[in-house]
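Working notes, beginning with the structure itself.
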Amino acid sequence: MQKKVHIKTWGCQMNVYDSARMADVVAPLGFAPTDEAADADLVIFNTCHIREKATEKLFSELGRLRPHQQAKQDAGGRMMVAVAGCVAQAEGAEIQRRAPFVDMVFGPQTYHQLPEMIARVTRGAGAVLNTEFPPEPKFDALPEDRTAPGISAFLSVQEGCDKFCTFCVVPYTRGAEYSRSVQAIVDEAQRLVAAGAREITVLGQNVNAFHGEGPDGTVWGLGRLFHRLAEIDGLQRLRYTTSHPRDMGDDLIAAHRDLPQLMPFLHLPVQSGSDAILEAMNRKHTADDYRRIVDKLRTARPNLALSSDFIVGFPGETDKDFEASLQLIRDVGFAQAYSFKYSRRPGTPAAAMTNQIAEAVKDERLQALQQLLRDQQDAFNRSMIGQTLPVLFDGPSRREGHMYGRTAFMQAVYVEGPARMQGHELPVTITAAGTNSLTGHIAV
Ligand code: 5AD
Ligand code: SF4
């Protein structure tokens, strides 16, 4: 009998990628994916630790699942429950203590060992806690087969982070930087394209720190990797995320000039526009360094649109520091951005800083910053009205008879048209723009 696996994913694209690979790992064991947790034989919660109250949210989710697990057991069956991802990595023992009905707890570096973990639980050998950073990289042990990737696929090329920004848990949960080999990446990209992908977003916590072993035995950077990926027939679009300003090397910037496949849209988190705060965050660059990098990028690719991450209310942030963030936003101009109130992550240096900012001040600053970013995003989207842009169509939208696609700048576009547009890049004349999407019609 076919068994069912339900995987619920929180957090970043790395987790989305990891969840897809977990499905690949358990497929040979006879597990088919299901959207329903209640009747699954294996439920995996792939968690994210970056937002506040991640742990509490996990426990309430586990609490909701528990009666279903019990019901299944009462009916003579079994539901295995696993917690994966960064909360598992950071709080494995606590999860086992508070939710003893969880069968497996494992971090982002060990999910290739799922078959062994499942075998152990099935044998009745007790619950599994697997949050090591094993010496054997998981990528070498993952199966090749992948579930259908869709038009726009993710490909993980790099993991971990050695930067230790003082607010961030990633270096602790994802471990040290590690890059896959160029050959393994190219092989996976070719398989994705053969399975129908037309766009690949290359992923890594610190993706532009990529330093993978090339087929010639030398170390390749991300710019060189893109040159190789751009040779793959049928691969129309390349993107990458997330980058650190310090690793924005000249070869990568030149790739934006030389490779039409490399999309003119870049997510480049800056976090703050104040040099004092950037220093306290251990970002190791100044606000003007960031402006200079953006200038170089726009010289290489004049129509490049930017996205970023901002934190307001980092410990010690004064009104003047905050104003410097607003000024940087005005100077650079963003097509979109994410912004967050600083929140204390246990174990990180900033959490122990004594000059924490009052919640009300954070609220006020976040509102002002988001208003400015929203105005920029609106203006950017409105500037598309009347233009004809290439749109790569991902598939049908929820609206009957409409298709959904993306511009080169990552804007969502809704267009009336037939399902056979899926997978094609077509010229669309934009007729209307909102904050989060555009509408238009196929240009004739
Ligand atoms: N508080 C607020 N925002 C944070 N981020 C990471 N850690 C924290 C924190 N402790 C934000 C950063 C990062 C994004 C993924 O999440 O802006 O770039
Ligand atoms: Fe976290 Fe990114 Fe800083 Fe690494 S570079 S510590 S992932 S914010």
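Points to keep in mind about this one:
- Fluctuation leader among L369, L203, L392 - the chain, Gaussian network, Cα springs under 10 angstrom: L369
- Exposed-site-free run, longest, the chain (rule: GluC sites (Glu not before Pro); DSSP loop; at most 16 other C-beta within 10 Å): 232-399
- Per principal axis, descending, Cα span of the range 334-439 in whole Å: 58, 28, 22
- Accessible area expressed per residue, the chain, with surrounding protein chains retained (probe 1.4 Å, Å²): 44 Å²
- Between I385 and A368, the simple spin-label model (points 7 angstrom out along Cα→Cβ) gives 3.0 nm.
- The accessible surface of the chain, taken with every protein chain in place and a 1.4 Å probe, is 51 percent carbon and sulfur.
- By the Cα gyration tensor, the range 108-244 has an equivalent ellipsoid whose semi-axes, rounded to whole angstrom, run 28, 20, 14 from largest to smallest.
- Reciprocal mean inverse distance between Cα atoms of the range 249-375 - Kirkwood radius, Å: 15.4 Å
- Given K57/K341; K163/K362; K8/K53, the pairs whose alpha carbons are separated by over 22 Å: K163/K362
- In a DSSP loop and with at most 16 other Cβ atoms within 10 Å, the chymotrypsin sites (Phe, Trp or Tyr not before Pro) in the range 1-107 are F101.
- Estimated 222 nm signal from helices in the chain, with DSSP H stretches of n ≥ 4 weighted -39500 (n - 2.57), rounded to 500: -10500 deg cm²/dmol
- Convex hull volume of the Cα atoms of the range 138-382, normalised per residue: 135 Å³.
- Counting only residues at least eight positions apart within a chain, or on another chain, there are no lysines with an alpha carbon under 18 Å from that of K296.
- Qualifying trypsin sites (Lys or Arg not before Pro) for the range 41-94 [loop in DSSP, other Cβ within 10 Å: at most 10]: K53
- Entry note: the chain has Rg to Rh equal to 0.97, where both radii use alpha-carbon atoms and Rh is the Kirkwood radius.
- Overall form of the range 3-130 per C-alpha gyration tensor (a/c, 1.5; a/b vs b/c): rounded
- Think of the range 307-383 as having a plus end and a minus end, set by charges on the Cβ of Lys, Arg, Asp and Glu; of A351, V312, Q336, A351 sits farthest toward the positive end of this dipole.
The values are calculated or read from the model by the stated rules, or taken from the named source; none is laboratory data. Keep in mind that what you see is a predicted model, and the values were worked out from it rather than measured. Glycine gets a Cβ as well: all are built from the backbone with ideal geometry, and neighbour counts include every protein chain shown. Remember, those area values only see protein heavy atoms, side chains included, never the ligands or the DNA or RNA. Shrake-Rupley method; radii C 1.70, N 1.55, O 1.52, S 1.80 Å.
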